[in-house]
Amino acid sequence: QLQTWAEEAIEEGLESLAAMTGDAPENAVAEAQHPQGALVAVEAQSGAVKALVGGRRYAETAYNRAIQNNRQAGSGFKPFTYYTALETLGFSPATVMVDRPLTITVRGSADWQPRNFSRTFHGPMVLKKALMDSVNTIAAQLIERSGPEAVIATAQRCGIQSPLQPVYSLALGTSNVSPLEMASAFTTFATGGIRHEPFWIARVEDTQGRILEEHLVSGHRVLEPDLSYQIVDMMRGVLDRGSGAVVRRLGFSLPAAGKTGTTNSYKDAWFTGFTPTLCTSVWVGFDKERPLRDKNGVGITGGRGAAPIWTRFMKQAMEGEPAREFAIPEDIHMEIVDPQTGRPPDDLSRDRIEVALTEDQAASGTIIEGRPEGLFVIPGPEHPIQRPQTT
């Protein structure tokens, strides 16, 4: 049943997307020119692949985009960058960083000036707010401090197996990954840091019912539970008040977390999200990597192109399920802070945000900044910069 719903969600979502872009196919030749997509759903507590769709109309194209079609994940990759910052730098969701013009200089390579998707800057903000709003300059500062190798190690621990380039733009998702990898890797956050390898066949029986082969579910801890929950809480904010808020507007109300992704020139749109029991990743785009733009020339983001497909599928897949909450580690407590100062709000605070902190963390309002002129000089030629800007 989940497979049927996944196929229907992709089919209807791509029809809506084709109408939006003006690329609705009229014949077999046009079929190759219209938007394509993929969806993978993985059971969080076991790794079982519950549904997988590699494109629309298998009879017309057998190419499996869920497994074979690795594409840039854009900001969908940022949770790995943020987890690395919490683990290696000692940051918390209430740590304040400054969204500002930034130049990263690498000896032997051109300067890199990461830009936000909105082309604007908003000054100091807590890390949870930065992830909710998918702020590129802050993700770039995080990987500058931790190093690309540490981010790669985090992603690999979660289950990303595709080659990842040790470049600073990795923070913005410039390495290629598959929807299967993203769905499987995000389950590691959903389970509090327990990694399960994805599998396809539960067991094989003969005609007498004797079990010939059986997959034994086993997981192993790869992430710290406290830090995993902090990332989950930050990604819940993406759905509730951030770049993935369309999920709530479309009527999915169960506890969930996720992240949008939109790559340079709108060539790829992603949404990967999960409940405590099921994680689903959706990718849409053109096979020939044309930009996804509507009839008015406006770029189509992950929130606009992929999240509605995710929502349609998940509403059906989770229908009748109780509202299960993510398990909160004993060391975690929630605090209300000012999203600009990271301190408990006062009467002048214009906004408030709830953050998950460990017992030894406090909403201190510490601001992490670089050089006053916004220039980071990074020694060594070992970390070249890939140029695409993503969100």
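The values are calculated or read from the model by the stated rules, or taken from the named source; none is laboratory data. On a predicted model such as this, the values are computed, not experimentally measured, just so you know. Using ideal geometry, Cβ is built from the backbone for each residue, glycine included, and neighbour counts are taken over all protein chains shown. To get the accessible areas, we keep the full protein, side chains included, count just its heavy atoms, and leave off ligands, DNA and RNA. Shrake-Rupley method; radii C 1.70, N 1.55, O 1.52, S 1.80 Å.
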Checklist entry - Which percent of the accessible area of segment 272-345 is formed by carbon and sulfur heavy atoms (probe 1.4 angstrom)? => result 48 percent
Checklist entry - Kirkwood Rh over Cα pairs of the chain into Stokes-Einstein at 20 °C, 1.002 mPa s: D in µm²/s? => result 101 µm²/s
Next on the checklist: Whole angstrom only: what separates the Cα centroid of segment 329-363 from the Cα centroid of segment 240-297?
Outcome noted: 28 Å
Checklist outcome for this item: Taking only the Cα positions of segment 176-249, the convex hull volume per residue in Å³ is 147 Å³
Checklist outcome for this item: Cα-Cα longer than 21 Å, checked against Lys267/Lys288; Lys129/Lys259; Lys128/Lys267, kept in input order, equals Lys128/Lys267
Item to check | Potential lengthening between Glu321 and Gln45 on full extension [0.36 nm per residue; Cα-Cα distance subtracted] | outcome: 97.8 nm
Item to check | Per residue, the convex hull volume that the Cα atoms of segment 81-169 enclose (Å³) | outcome: 102 Å³
Next on the checklist: If packing is taken as the average number of other Cβ atoms within 10 Å across a peptide's residues, how do 235-248, 340-353, 322-335 rank, most packed first?
Outcome noted: 235-248, 340-353, 322-335
Item to check | CD proxy at 222 nm, helix term only [per DSSP H run n ≥ 4: -39500 (n - 2.57); per residue of the chain; nearest 500] | outcome: -8500 deg cm²/dmol
Item to check | Virtual spin-label span in nm between Glu197 and Ala19, 7 Å along Cα→Cβ | outcome: 4.4 nm
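Given R₀ = 41 Å, what would the calculated FRET efficiency be for Asp351 paired with His215, taking r from the Cβ atoms and rounding to 0.05?
That pair, Asp351 with His215, gives E of 0.30.
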Checklist outcome for this item: Quick calc: nm separation of the 7 Å Cα→Cβ label points for Asp331 and Thr4 -> 4.6 nm
Checklist outcome for this item: Sorted on mean Cβ neighbours within 10 Å (highest first), peptides 301-311, 253-263, 287-297 come out as 301-311, 253-263, 287-297
Checklist outcome for this item: Of 153-163, 8-18, 176-186, ordering from highest average Cβ density within 10 Å down gives 176-186, 8-18, 153-163
Next on the checklist: So, for segment 164-322, what is the accessible surface per residue at a probe of 1.4 Å, expressed in square angstrom?
Outcome noted: 38 Å²
Checklist entry - Sorted from largest down, what three extents in whole angstroms do the Cα atoms of segment 1-107 have along their principal axes? => result 53, 38, 27
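For segment 37-169, with all protein chains present and a 1.4 Å probe, just round the carbon and sulfur fraction of the accessible area to a whole percent.
Values: 2130 of 4350 Å².
Answer for segment 37-169 is 49 percent, counting heavy atoms of protein chains only.
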